[in-house]
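Beneath this line is the structure, given in structure tokens, with notes to follow.
The values are calculated or read from the model by the stated rules, or taken from the named source; none is laboratory data. No experiment lies behind these values; they were computed from the predicted model shown. Note that we place each Cβ from the backbone using ideal geometry, even for glycine, and neighbour counts take in every protein chain shown.
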Amino acid sequence: MRKKRLFRAIATLVGCVIGAGILGIPYVVAKAGFITGLVNIIGIGLILLLIHLYLGEVVLRTKGNHQLTGYAEKYTGKIGKYFMFISMIIGIYGAIIAYTMGGGEALASILGWNSLLGSIIFFGVLAWLVYIGLNAIEKSEAFVIPIVIIIVLLIFFLALPRINLINLSGFSFSKILIPYGVVLFAFLGTAAIPEMKEELVKYKKDLKKAVIIGSLIPLVIYILFAISIVGVLGVNTHEIGALGLAAILGNKMVFIGALFALLAMATSFLALGLALKELFWYDYGLRKNTSWLLACFVPFLLFLLLRNIVSFITVLNITGVITGAIIGILIVLMALNAKKKSERKPEFSIYINNSIAFILIVLFIIGAINLLV
């Protein structure tokens, strides 16, 4: 039972992290230069691992179940709760909009449907699973995540003989922030941490291990995926990476790439949709059904309004930069304050001081400023 719970907790984080972001990574990596993109993937991946660990300690220091807004209020006050709420709304709504866009395109490429019809079907099935709740999501992610990993490895090995090493070169400091927003979006898994604590309710000591493994798996997967797509396609990389492989590797990759896109976006949609439903339900006291409607159908209406105005990559970039900056800064502040206002002794503790906090906050601010200019 303990190993099963650990596996499910890891799957929850991996499922939350690996979503639409992975599909946008090859495009921005190709645009910036592969080495420039690789620096972003490794650097941001390790920073988000640290942020996830800090949040894990925060939830373990707190009695009861909350979502991110509840923890923010406890350790950064009403203002912190307000900003966390805004960031989660922007982040999760933006993610669901991106998943609905990408899911529709993926279904259209497999079945030859209109992309709007594909988006409606994709959204409808996943919104229903969010309504069912945590148990359904645990089971779906535990089943789907190994398939996602296998598909990435399959894509990598099929692409390997056709990779052009020239496409895997190129570093430009002036382009260092081009992949920042999309890559940051791709690594954000903070909404899953409170759910992982619930899953490991009897085995809280395993949360640290689950966070580390669950954060490192996406890092490796993103590197392999970027090598596969950019190595083959170079500057011709498709905006939704997996959907562009067919032109080089044949029609068999249409199904494989689209299936991967669907699975990756579905698992993340489920984790984030549940997190937002719980935010309204746990932290704001709304009814369960009302919380579900706000979590799922508001972003769907926004998708219908915006689908012909903004692109997939634009949604990822804006959402990643704004959400990542606010959530990252707040979690750093929460980690500092939780050590002083702890409600219980945590099962693990991660070192932080004012200097580390300052460096992390500056990094998030630089990324946000880059979006504005």
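Any idea which of (1) in contact with a Pro (Cβ under 8 Å, 6 or more places away or on another chain); (2) surrounded by fewer than 20 Cβ atoms within 10 Å (Cβ to Cβ); (3) among the hydrophobic types (A, V, I, L, M, F, W, C) is the one Val39 doesn't satisfy? Only one criterion in (1) in contact with a Pro (Cβ under 8 Å, 6 or more places away or on another chain); (2) surrounded by fewer than 20 Cβ atoms within 10 Å (Cβ to Cβ); (3) among the hydrophobic types (A, V, I, L, M, F, W, C) is unmet by Val39, namely (1). The single condition among (1) assigned to a loop (DSSP other than H, G, I, E, B); (2) within 18 Å of Val211 (Cβ to Cβ) that Gly15 does not satisfy is (1). Scanning region 306-332 for residues that are part of a helix (DSSP H, G or I) and more than 13 Å from Phe364 (Cα to Cα) returns Leu306, Phe312, Ile313, Thr314, Val315, Leu316, Asn317, Ile318, Thr319.
Screening Gly328 on (1) modelled with pLDDT of 90 or more; (2) within 22 Å of Gly24 (Cα to Cα); (3) out of contact with any helix residue (DSSP H, G or I) (no Cβ under 9 Å at 6 or more places or on another chain) shows it passes everything except condition (3). Taking Lys208 as the residue in question, decide whether it is modelled with pLDDT under 90 and either of a type in the set (S, T, N, Q) or surrounded by fewer than 21 Cβ atoms within 10 Å (Cβ to Cβ) (or both). The answer is no for Lys208.
On the stretch given as region 310-330, residues that are under 17 Å from Gly56 (Cα atoms) and over 16 Å from the mean Cα position of the chain (by Cα) total 2. Among the residues of region 292-328, the ones that are touching a Leu at 6+ places or on another chain (Cβ under 8 Å) and over 21 Å from Ile120 (Cβ atoms) come to 9 in all. Restricting attention to region 1-24, the residues that are of a type in the set (A, V, I, L, M, F, W, C) and within 12 Å of the chain's Cα centre (by Cα) total 8.
Of the residues making up region 325-344, those that are in contact (Cβ under 8 Å) with a residue 12 or more places away in the chain, over 26 Å from Asn370 (Cα atoms) and surrounded by fewer than 22 Cβ atoms within 10 Å (Cβ to Cβ) are Leu336, Asn337, Lys339, Lys341, Ser342, Glu343, Arg344.
Of all residues in region 81-103, those that are surrounded by fewer than 23 Cβ atoms within 10 Å (Cβ to Cβ) and more than 16 Å from the chain's Cα centre (by Cα) total 5. Contact map, region 172-190: first residue crowded, with 18+ Cβ neighbours inside 10 Å, second residue charged (D, E, K, R), Cβ cut-off under 7 Å, separation 6 or more or different chains; pairs are Ile178/Lys31. Residue check: is Leu107 surrounded by fewer than 24 Cβ atoms within 10 Å (Cβ to Cβ), closer than 25 Å to Phe255 by Cα, over 19 Å from the mean Cα position of the chain (by Cα) and modelled with pLDDT of 90 or more? So Leu107 fails the test.
One line per residue, one yes/no per condition, for (1) of a type outside the set (Lys, Arg); (2) touching a strand residue (DSSP E or B) at 6+ places or on another chain (Cβ under 7 Å); (3) assigned to a helix (DSSP H, G or I); (4) within 19 Å of Val230 (Cβ to Cβ):
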residue	(1), (2), (3), (4)
Trp113	yes, no, no, no
Ile120	yes, no, yes, no
Ile145	yes, no, yes, no
Leu153	yes, no, yes, yes
Leu160	yes, no, yes, yes
Asn167	yes, no, yes, yes
Val183	yes, no, yes, yes
Lys197	no, no, yes, no
Lys205	no, no, yes, no
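Could you tell me which residue of region 42-52 is nearest to Leu330 (Cα to Cα), considering only residues that are surrounded by 23 or more Cβ atoms within 10 Å (Cβ to Cβ) and in contact with a Phe, Trp or Tyr (Cβ under 8 Å, 6 or more places away or on another chain)? Taking the candidates together, the pick is Leu48.
Looking only at region 53-80, which residues are surrounded by 22 or more Cβ atoms within 10 Å (Cβ to Cβ) and either outside any helix (DSSP H, G or I) or touching a strand residue (DSSP E or B) at 6+ places or on another chain (Cβ under 8 Å) (or both)? Result: Arg61, Thr62, Gln67. Please tell me if Ile309 is aliphatic (A, V, I, L, M), surrounded by 18 or more Cβ atoms within 10 Å (Cβ to Cβ) and either in contact with a Lys or Arg (Cβ under 7 Å, 6 or more places away or on another chain) or modelled with pLDDT of 80 or more (or both). No: the conditions fail for Ile309.
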